[in-house]
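Where a number appears in this text, it was derived from the coordinates with a stated rule and is not lab data. This one's a predicted model, so the numbers in the text were calculated from it and none came from an experiment. Glycine gets a Cβ as well: all are built from the backbone with ideal geometry, and neighbour counts include every protein chain shown.
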Amino acid sequence: MIRNQLLVCAGGACITSGEKSVKDVLVKELKKNGIEDEVQIIETGCMGACDLGPIVVVYPEGTFYQKVTVENAGLIVNEHLVKGRTVSELLYTEPTSEKKVETSGDIPFYTRQVKRVLRNCGVIDPLSIEEYIARDGYFALGKALEMTPDDIIGVVLDSGLRGRGGAGFPTGLKWKATREATGSPKYVVCNGDEGDPGAFMDRSVLEGDPHSIIEAMAIAGYAIGAEQGYMYVRAEYPLAIERFE
C-alpha cells in the first residue's frame with residue numbers, strides 16, 4: 001500500500017542540476033530501508049522554481065524540499081519517511097522573513113500564481129495518461145465530440161481566445177476560415193517553436209503536460225475537418241520531443 005509519494009521535478013533545469021542522480025539515490029535508500037513498495041516516486045514536469053532545483057515534494061504532507069543533491073537526498077528517506085522528521089536544511093527560506101517554509105502553498109512565488117495552461121505541470125507524471133485523465137484530461141474532447149464542428153467554433157469565437165504569438169489573431173476566426181476553405185486533405189499543425197530569446201512557454205507544456213497538446217489538437221482537428229495533425233518542435237528541445245512521442 002502506498003503511504004507516501006515523492007514528486008521529483010524532472011523539468012529541463014532540474015535534470016541539468018542533477019535530478020536523475022537524486023532520483024537514483026532516493027530509489028536506493030527506499031530499497032535499503034525496505035519501504036520501496038510503500039513510497040511511489042513520480043517524475044513530473046517543471047515545477048516553476050528552476051533556481052531551487054532539484055526539487056522533491058513529499059506527499060501527503062506536501063513538504064517542499066529544494067536544492068536536493070546526491071549528498072543529502074538520502075535524508076528525505078531516512079529522516080522524513082522513516083523517522084518522521086522534517087529535513088529543515090532542505091526547506092525553502094523565505095527571503096524577507098528568513099523563516100523556513102515547509103510547503104509550496106506557503107511560498108509566495110506559488111501562492112501568487114493562478115495556473116491555467118500550466119496547471120498540470122509539476123503535478124502529474126507527463127507520460128501517464130491515467131494521471132492526466134484523473135485531472136479531467138480528455139473530458140473536453142469528449143464534450144467536443146458531442147457537439148458539431150460549427151458549434152465548437154462558435155464557442156471558441158465567443159470565448160475571445162486569441163493567438164499568443166504576438167498578433168493576437170482570434171483563434172475562432174482561424175478555425176472558421178480553415179473549416180470553410182475548399183480543398184482536402186486538411187491538417188492541424190501545432191507550432192511548438194519559440195522565436196523570442198529565452199522563451200520556453202511552449203517547451204514547458206510539451207515537457208510537463210503533453211496530453212493537453214494532443215487533446216487540444218484533436219479538438220481543433222475535429223472542428224476544422226482535419227485528417228492528420230503534426231507537431232513542429234525544434235531539435236533544441238530533446239526532452240519535449242521525447243515526452244511528446
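Take each of the peptides 117-125, 171-179, average the number of other beta-carbon atoms within 10 Å over its residues, and list them starting from the highest. Provide the component values of the computation, followed by the final result.
Details: 117-125: 19.9, 171-179: 17.0.
Answer by packing, highest mean first, reads 117-125, 171-179.
Of all DSSP beta bridges in segment 4-113, what percent run antiparallel (nearest 5)?
Working: 11 of 17 bridges.
Just about 65 percent of them are antiparallel.
If you take the beta carbon distance between LEU141 and ILE35 as r and set R0 to 45 Å, what does 1/(1 + (r/R0)^6) give as a FRET efficiency, to the nearest 0.05?
On the way: r = 39 Å, r/R0 = 0.86.
It comes out at approximately 0.70.
Over the alpha-carbon set of segment 135-244, work out the extent along each principal axis and list the three values in angstrom, largest first.
37, 31, 28
Quick one: helix 149-159 against the long Cα principal axis of the chain, what's the angle to the nearest 10°, folded into 0 to 90?
60
If the cut-off is 15 Å between C-alpha atoms, which aspartates and glutamates fall inside it for LYS186, apart from same-chain ones fewer than 8 positions away?
Qualifying aspartates and glutamates at Cα under 15 Å: GLU227.
For the chain, modelled as a Gaussian network with Cα springs under 10 Å, which listed residue fluctuates most, SER212, SER159, SER204?
The residue that fluctuates most here is SER159.
At 0.890 mPa s and 25 °C, plugging the Kirkwood radius over alpha-carbon pairs of the chain into Stokes-Einstein gives what diffusion coefficient in µm²/s?
Estimated via Stokes-Einstein, D reaches 123 µm²/s.
Using Cα springs under 10 Å in a Gaussian network model of the chain, which residue among GLY74, GLY105, GLY11 shows the largest mean-square fluctuation?
Evaluated over the chain, the most mobile residue of the options is GLY105.
Once you place label points 7 Å from the Cα toward the Cβ at MET1 and ARG164, how far apart are they in nm?
4.1
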